[in-house]
Amino acid sequence: MLASIPSEIRLLMDNVRWETYVALADGRRGSLPRIVYDRGLMELMSPKKEHEKIKTLLGRLIAAYAEAVELDIDSVASLTFRREDLQRGFEADESFYVVHAESMRVREEIDLSTDPPPELVIEVEMTTSAIRKLELFAKLGIGEVWRHDGEQLRVYHLDGEAYREVSESHVLLGFPLAKSQTVLAKRNQESEISLIKAFRLEIEASRSD
């Protein structure tokens with residue numbers, strides 16, 4: 001029997017100085033491996049194909065929805081967000097500004113000590129991270145986290161200082177989460193373009209009723 005191939009490879013390091021984290025993050029070519037830093041703990045994650053398929057398809061569903069309902073969003077993908085005063089930093093699979101989309105679109109550099117954090121972060125986590133990311137996201141003020149574990153999409157909304165799981169997005173109002181779950185489940189059965197097209201047509205049809 002063939003052994004299953006992990007969808008993510010993670011490496012955890014302890015007692016890492018902030019300056020080392022910043023140097024490593026800024027010295028990479030591209031955005032891989034993705035790095036999360038939490039007060040001395042640093043985790044490097046290299047995603048495999050299935051991880052990337054889920055995050056890309058979900059990001060495209062969000063973009064298709066925004067276009068269909070004429071909602072202004074600013075996608076900042078896997079941009080590095082960090083705050084030295086909190087000794088925390090992360091790179092999500094996908095990140096979006098919604099409320100602050102217009103003002104943040106023109107910014108070439110984002111400084112979380114003065115700029116607002118993205119309102120929506122997408123996390124594909126098919127293997128367990130050693131860092132408590134929801135706590136990290138809460139400290140950095142991320143309004144909503146959508147997390148997919150390879151099987152199911154869950155939405156967490158920031159309520160005070162902690163997240164609670166919700167059945168509807170508070171950031172993308174009206175986004176069809178159940179339909180998106182169905183689409184994501186078909187990611188290896190149908191082409192991405194056909195899935196996106198059907199998703200958008202259904203949204204447009206529901207708006208014309």
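The values are calculated or read from the model by the stated rules, or taken from the named source; none is laboratory data. These numbers were taken from a predicted model, which means no experiment stands behind them. Every residue, glycine as well, gets a Cβ built from its backbone with ideal geometry; the counts of neighbours run over all protein chains shown.
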Determine whether Thr56 is surrounded by fewer than 18 Cβ atoms within 10 Å (Cβ to Cβ), of a type in the set (S, T, N, Q) and under 27 Å from His100 (Cβ atoms). yes
Failed criterion for Ser31 (all others in (1) in contact with a strand residue (DSSP E or B) (Cβ under 8 Å, 6 or more places away or on another chain); (2) modelled with pLDDT of 95 or more; (3) over 18 Å from Leu140 (Cα atoms); (4) surrounded by fewer than 20 Cβ atoms within 10 Å (Cβ to Cβ) hold): (2)
Could you check segment 140-172 and list, in sequence order, the residues that are loosely packed, with under 14 Cβ neighbours inside 10 Å, in a strand (DSSP E or B) and touching a residue at least 12 places away in the same chain (Cβ under 8 Å)? Ala162
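From the residues in segment 82-97 that are of a type in the set (A, V, I, L, M, F, W, C) and touching a strand residue (DSSP E or B) at 6+ places or on another chain (Cβ under 6 Å), which one is modelled with the lowest pLDDT?
In the first step, residues of segment 82-97 are kept if they are of a type in the set (A, V, I, L, M, F, W, C); the result is 86, 90, 92, 96.
Then drop every residue that is not touching a strand residue (DSSP E or B) at 6+ places or on another chain (Cβ under 6 Å), which leaves 90, 92, 96.
Numbers: Phe90: 96, Ala92: 91, Phe96: 98.
If we take residues in segment 82-97 being of a type in the set (A, V, I, L, M, F, W, C) and touching a strand residue (DSSP E or B) at 6+ places or on another chain (Cβ under 6 Å), then Ala92 is modelled with the lowest pLDDT.
Going through Glu52, Glu94, Glu8, Glu67 one at a time, which residue ends up being more than 14 Å from the chain's Cα centre (by Cα) and closer than 26 Å to Glu135 by Cβ?
Glu8
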Identity of the residue in segment 34-51, closer than 25 Å to Ile196 by Cα and in contact (Cβ under 8 Å) with a residue 60 or more places away in the chain, that ends up surrounded by the most Cβ atoms within 10 Å (Cβ to Cβ): His51
Before we move on, is Arg82 among the basic types (Lys, Arg) and part of a loop (DSSP other than H, G, I, E, B)? no
Output for segment 60-79, where each listed residue is in a loop (DSSP other than H, G, I, E, B) and at negative phi: Val69, Leu71, Asp72, Ile73, Val76, Ser78, Leu79
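Here is a list: Phe175, Phe137. Which entry is more than 24 Å from Glu8 (Cα to Cα), among the aromatic types (Phe, Trp, Tyr) and either buried (at least 18 other Cβ atoms within 10 Å of the Cβ) or out of contact with any Phe, Trp or Tyr (no Cβ under 9 Å at 6 or more places or on another chain) (or both)? Step through it out loud before you land on a result.
On the way: Phe137 fails: more than 24 Å from Glu8 (Cα to Cα).
Of the residues listed, the single one that is more than 24 Å from Glu8 (Cα to Cα), among the aromatic types (Phe, Trp, Tyr) and either buried (at least 18 other Cβ atoms within 10 Å of the Cβ) or out of contact with any Phe, Trp or Tyr (no Cβ under 9 Å at 6 or more places or on another chain) (or both) is Phe175.
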Give segment 112-124 a look and list any residue that's in contact (Cβ under 8 Å) with a residue 24 or more places away in the chain, of a type in the set (Asp, Glu) and in a loop (DSSP other than H, G, I, E, B), or say none. Glu119
Do you know which of the residues in segment 100-111 that are at pLDDT below 95 and either assigned to a loop (DSSP other than H, G, I, E, B) or touching a Gly at 6+ places or on another chain (Cβ under 8 Å) (or both) is surrounded by the fewest Cβ atoms within 10 Å (Cβ to Cβ)? Glu108
